[in-house]
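Each remark here refers to the structure printed beneath this line.
The values are calculated or read from the model by the stated rules, or taken from the named source; none is laboratory data. Computed from a predicted structure; not experimentally measured. A quick note on method: Cβ atoms are made from the backbone with ideal geometry, for glycine too, and the neighbour counts reach across all protein chains shown.
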Amino acid sequence: MMLSPALLALVCTVYTVCGCAGFYVGTGPENAPAPLRSALETETETGVLSVQEAADLAIRNSYAIRAEYSSLELREGAWRLGLRAYLPGIRISAGSDERLITNGSDTFTKSLSISLEQTVWDGGRVGASRALESADIALARSELDRSAGETGEAAVSAYRSVVAARIRLGIKKTSFESASAEREILVAELRLGMALGSDLVTVDLGIAGMGIEIAESELAVAIAESELAEALGMESLPELTERLERGRPVLGISGDRAAELAAARSPDVVLARHSLYKARAQSRIAQFAWLPSIAFNANGYASGDSFPLTKASWTVGLTVDFSSPLLSGGLGATAGKALPFDSTATTSLRMEPFPNPAGAMAARNAALALDLEEERYLATVSGARRSARIAVAEYEKATRKRDICVKALALSETRLALASLRSGLGQSLRTETLEAEMDRATKEVDLVDAALAMVSAEREIEKQLDIPPGALEEFCYADERNDEREVPAAGSSS
């Protein structure tokens, strides 16, 4: 039964529309995925959250980053499937030619053909192209990892800001309670005639100022908590496990060692390295673009009025194609048989002189781009070394400031104890005790700020070495053990 052209076109149109519409089934709002917020909250059902977990949650809460990672995974899958380029290409076709003749006999011809083409040597084009695509994917992943790291870094900073803000608020509340207790004593002394009313006014002014500072600190805590909750995609924060240790140990890492590690591990260096690999692949492709490609091909053809087909032929051959800015063309040779008795052979040659003379500059441009990328890589490595040394210097500066703040707090506590003793003996006013308490609270807040600056300096070193938050101490310890293992090995070899 023969289908009319109009009916065949209608069937194809309906099939195409239905097939395309199938891609849009189930994409309405009612089929939208569940919000990410609930998924993230279920992951913290334990009620505690570490700084590393906060960074991971912030990255996963970023819709843009998750979409880019998914897109990158698709690119990697497509690159793996690109191995098909090394396999032979096979094409099979069949047809039927039916002719109804008014004045003559009708003809009914059926045909079947198969062809195979396999690249024997392509001058490394496929390998170079895959290397270029691989370098491009690696560069994209490195850039995406860097973007994700920046998102996680913002969460780490917000996390530690919350911890520090809560500690500051606690210090000021404790100081307020101590000042309130001193006021009660002053009120009792005033009733006994042992103090003046002006002293009570001075104390009340100081306590009022402390209350204002507490209100400001509570606002700062609320803002910091809301920013962290927004970054993590949560309605409320769980318990934060990291504690800001004011007496945290000083890590022994030298600027030279940090510079050496940063030259190999810094995210900026990794990004520049992948960019260099990409430039090398591009230069290699441009440099060897003139090499010819050799391919083997085989074809078979059968035809007849009905099955089984009665006529058959086959050919095999080689083709050589070359293309350069000054000359392009190809050579071909085939041999075959037309069954049962005929043999065939063909040769071909085609030439095109000066097809694209300007293309001769492509290899030089790629070489210049590679030289520029190499210089940029060396500059990035030098910058990473310098940044690592600066980070270590900032860390040493932060540790010295922390030590000074520790001593200042000890002195302020001694001053507070002496002021309390003197006021108890009647040798000084209660206002001096209040001033000493306020000074002690200020020094304790300064110590918290110094400890936070020390942690931030540690994190800057961690960023330069591409290690997780809070892992610098363990990293330094592991690095020292590796050095201890390498020293005896070097001695034994000598």
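Only one of ALA363, ALA358, ALA345 is surrounded by 13 or more Cβ atoms within 10 Å (Cβ to Cβ) and among the hydrophobic types (A, V, I, L, M, F, W, C). Can you tell me which?
On the way: ALA358 fails: surrounded by 13 or more Cβ atoms within 10 Å (Cβ to Cβ); ALA345 fails: surrounded by 13 or more Cβ atoms within 10 Å (Cβ to Cβ).
Residue meeting the stated conditions: ALA363.
May I ask you to list pairs of residues, at least six apart or on different chains, whose Cβ atoms are under 6 Å apart, with the first in region 61-80 being over 11 Å from ARG141 (Cα atoms) and the second being modelled with pLDDT under 90 and among the charged types (D, E, K, R)?
Once the first residue is over 11 Å from ARG141 (Cα atoms) and sits in region 61-80, its partners that are modelled with pLDDT under 90 and among the charged types (D, E, K, R) give TRP79/GLU133.
Any residue at all in region 267-290 that's in contact with a strand residue (DSSP E or B) (Cβ under 9 Å, 6 or more places away or on another chain) and either small (Gly, Ala, Ser) or closer than 30 Å to GLY89 by Cα (or both)?
Going through region 267-290, the residues in contact with a strand residue (DSSP E or B) (Cβ under 9 Å, 6 or more places away or on another chain) turn out to be 289-290.
Next, only the ones that are either small (Gly, Ala, Ser) or closer than 30 Å to GLY89 by Cα (or both) stay: 289-290.
Yes; the residues of region 267-290 include at least one that is in contact with a strand residue (DSSP E or B) (Cβ under 9 Å, 6 or more places away or on another chain) and either small (Gly, Ala, Ser) or closer than 30 Å to GLY89 by Cα (or both).
Determine, yes or no, whether ALA165 is buried (at least 18 other Cβ atoms within 10 Å of the Cβ), under 33 Å from the mean Cα position of the chain (by Cα) and farther than 19 Å from SER420 by Cα. Even if it seems obvious, please write down each step before you answer.
Values: buried (at least 18 other Cβ atoms within 10 Å of the Cβ): yes; under 33 Å from the mean Cα position of the chain (by Cα): yes; farther than 19 Å from SER420 by Cα: yes.
The answer is yes for ALA165.
Can you run down the residue pairs with Cβ atoms below 6 Å, 6 or more apart or on separate chains, where the first is in region 199-218 and under 14 Å from GLU184 (Cα atoms) and the partner is assigned to a helix (DSSP H, G or I) and among the small types (Gly, Ala, Ser)?
ILE207/ALA179
What number goes with the only condition from (1) among the hydroxyl-bearing types (Ser, Thr, Tyr); (2) surrounded by fewer than 16 Cβ atoms within 10 Å (Cβ to Cβ); (3) touching a residue at least 12 places away in the same chain (Cβ under 8 Å) that SER382 does not pass?
Looking at each condition in turn, SER382 falls short on (3).
Among the residues of region 180-198, count how many are closer than 17 Å to LEU425 by Cα, over 60 Å from the mean Cα position of the chain (by Cα) and either not hydrophobic (A, V, I, L, M, F, W, C) or not in a helix (DSSP H, G or I) (or both).
6
If I ask for residues that are of a type outside the set (Phe, Trp, Tyr) and either part of a strand (DSSP E or B) or loosely packed, with under 11 Cβ neighbours inside 10 Å (or both), which ones from region 333-342 would you list? Can you show your working first?
Initially, region 333-342 is screened for residues of a type outside the set (Phe, Trp, Tyr), giving 333-340, 342.
Across region 333-342, the qualifying residues are ALA333, THR334, ALA335, GLY336, LYS337, ALA338, PRO340, ASP342.
Would you pick out the residues in region 293-332 that are surrounded by fewer than 16 Cβ atoms within 10 Å (Cβ to Cβ) and farther than 26 Å from ALA128 by Cα?
The answer is GLY304, ASP305, SER306, PHE307, PRO308, LEU309, THR310, LYS311, ALA312, VAL316.
Regarding GLU260, is this residue more than 21 Å from ALA155 (Cβ to Cβ), touching a Leu at 6+ places or on another chain (Cβ under 7 Å) and surrounded by fewer than 17 Cβ atoms within 10 Å (Cβ to Cβ)? Reasoning before the result, please.
Numbers: more than 21 Å from ALA155 (Cβ to Cβ): yes; touching a Leu at 6+ places or on another chain (Cβ under 7 Å): no; surrounded by fewer than 17 Cβ atoms within 10 Å (Cβ to Cβ): yes.
For GLU260, the condition - more than 21 Å from ALA155 (Cβ to Cβ), touching a Leu at 6+ places or on another chain (Cβ under 7 Å) and surrounded by fewer than 17 Cβ atoms within 10 Å (Cβ to Cβ) - is not met.
Within region 37-60, restricting attention to residues that are assigned to a helix (DSSP H, G or I) and more than 25 Å from ALA140 (Cα to Cα), which residue is modelled with the highest pLDDT?
Out of the qualifying residues, it is VAL51.
Tell me whether region 97-118 contains one or more residues that are in contact with a Ser or Thr (Cβ under 6 Å, 6 or more places away or on another chain), part of a helix (DSSP H, G or I) and surrounded by 15 or more Cβ atoms within 10 Å (Cβ to Cβ).
Within region 97-118, none of the residues are in contact with a Ser or Thr (Cβ under 6 Å, 6 or more places away or on another chain), part of a helix (DSSP H, G or I) and surrounded by 15 or more Cβ atoms within 10 Å (Cβ to Cβ).
Can you say whether THR442 is modelled with pLDDT of 75 or more, crowded, with 19+ Cβ neighbours inside 10 Å and among the β-branched types (Val, Ile, Thr), as far as the supplied structure shows?
Working: modelled with pLDDT of 75 or more: yes; crowded, with 19+ Cβ neighbours inside 10 Å: no; among the β-branched types (Val, Ile, Thr): yes.
In short, no.
Could you identify the single residue in ALA85, ALA67 that is modelled with pLDDT of 90 or more and assigned to a helix (DSSP H, G or I)? Steps first, answer last, please.
Numbers: ALA85 fails: modelled with pLDDT of 90 or more.
Exactly one of ALA85, ALA67 is modelled with pLDDT of 90 or more and assigned to a helix (DSSP H, G or I), namely ALA67.
So for region 446-466 (the condition being among the basic types (Lys, Arg), under 24 Å from SER157 (Cα atoms) and modelled with pLDDT of 80 or more), does at least one residue qualify? Give the steps one after another, and end with the answer.
The first filter runs over region 446-466 and keeps only residues among the basic types (Lys, Arg), leaving 459, 463.
After this cut, where a residue has to be under 24 Å from SER157 (Cα atoms) as well, the list is 459, 463.
Still in the list and also modelled with pLDDT of 80 or more: 459, 463.
Checked against the condition, which is being among the basic types (Lys, Arg), under 24 Å from SER157 (Cα atoms) and modelled with pLDDT of 80 or more, region 446-466 yields at least one hit.
What residue, of ALA140, ALA94, is in contact (Cβ under 8 Å) with a residue 24 or more places away in the chain and either surrounded by fewer than 18 Cβ atoms within 10 Å (Cβ to Cβ) or under 30 Å from LEU244 (Cα atoms) (or both)?
Numbers: ALA94 fails: in contact (Cβ under 8 Å) with a residue 24 or more places away in the chain.
Answer to the selection: ALA140.
Under 6 Å between Cβ atoms, which residue pairs at least 6 apart in sequence (or on different chains) link something in region 462-474 that is surrounded by 15 or more Cβ atoms within 10 Å (Cβ to Cβ) with a partner that is among the acidic types (Asp, Glu)?
Hits for this filter: LEU472/GLU458; LEU472/GLU462.
With the checklist (1) modelled with pLDDT under 90; (2) loosely packed, with under 15 Cβ neighbours inside 10 Å; (3) out of contact with any strand residue (DSSP E or B) (no Cβ under 6 Å at 6 or more places or on another chain) in hand, flag the one item TRP121 doesn't pass.
Exception for TRP121: condition (3).
Taking the condition of being in a loop (DSSP other than H, G, I, E, B) and under 25 Å from the mean Cα position of the chain (by Cα), how many residues in region 235-265 meet it? Write out each step before concluding.
In the first step, residues of region 235-265 are kept if they are in a loop (DSSP other than H, G, I, E, B); the result is 235-238, 241-254.
Among the residues that remain, those that are also under 25 Å from the mean Cα position of the chain (by Cα) are: 242.
Summing the residues that are in a loop (DSSP other than H, G, I, E, B) and under 25 Å from the mean Cα position of the chain (by Cα) in region 235-265 gives 1.
Go through region 397-446 residue by residue and tally those that are in contact (Cβ under 8 Å) with a residue 40 or more places away in the chain and either in contact with a strand residue (DSSP E or B) (Cβ under 9 Å, 6 or more places away or on another chain) or not in a helix (DSSP H, G or I) (or both).
The qualifying residues number 2.
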